[in-house]
Amino acid sequence: AEQLVVDGADFLDVGGVKAGPGDEVTESEELDRVVPAVEALAARFDLPLSVDTWRSGVAQACFAAGAHVGNDISGF
C-alpha cells in the first residue's frame with residue numbers, strides 16, 4: 001500500500017475474497033481478513049478506502065472501520 005501511495009494512488013481497494021473460482025470463504029473469514037486491513041490503512045494513509053465485497057455485513061463493518069466506498073463486482 002505504501003508504494004501505491006508513493007506512486008500517486010487516488011484510493012486503496014481492500015478485498016478478502018478472490019474474484020474468480022476458488023475455495024469458499026465464509027463471512028466471518030472475510031471479516032477477519034479485511035477489517036484489520038481497513039483499520040490499519042485508515043490509520044496510516046489519508047486516502048479514500050474502498051472495500052471489495054458482495055456481502056453487506058462486511059461492507060458495513062468496513063465502513064465502520066474507515067472505508068468510504070463499497071466495490072461489488074455484482075453491482076449492488
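We did not get these values from a lab; they are worked out from the coordinates using the rules stated. A quick note: this is a predicted structure, and the numbers were derived from the prediction, not measured. Because the Cβ atoms are built from the backbone with ideal geometry, glycine has one as well, and the counts that use them run over all protein chains shown.
Observations
- Within region 44-75, the set of residues being touching a helix residue (DSSP H, G or I) at 6+ places or on another chain (Cβ under 7 Å) and among the basic types (K, R) comprises R55 only.
- Yes/no for R44 being under 19 Å from F11 (Cα atoms) and of a type in the set (K, R): yes
- Across region 43-65, the qualifying residues are those that are under 11 Å from the mean Cα position of the chain (by Cα) and of a type in the set (G, A, S), and the one among them that is farthest from D7 (Cα to Cα) is A61.
- Wholly within the chain, helices (runs of 4 or more DSSP H) carrying at least 1 residues that are exposed (fewer than 15 other Cβ atoms within 10 Å of the Cβ), of a type in the set (K, R) and out of contact with any Pro (no Cβ under 8 Å at 6 or more places or on another chain): 27-44
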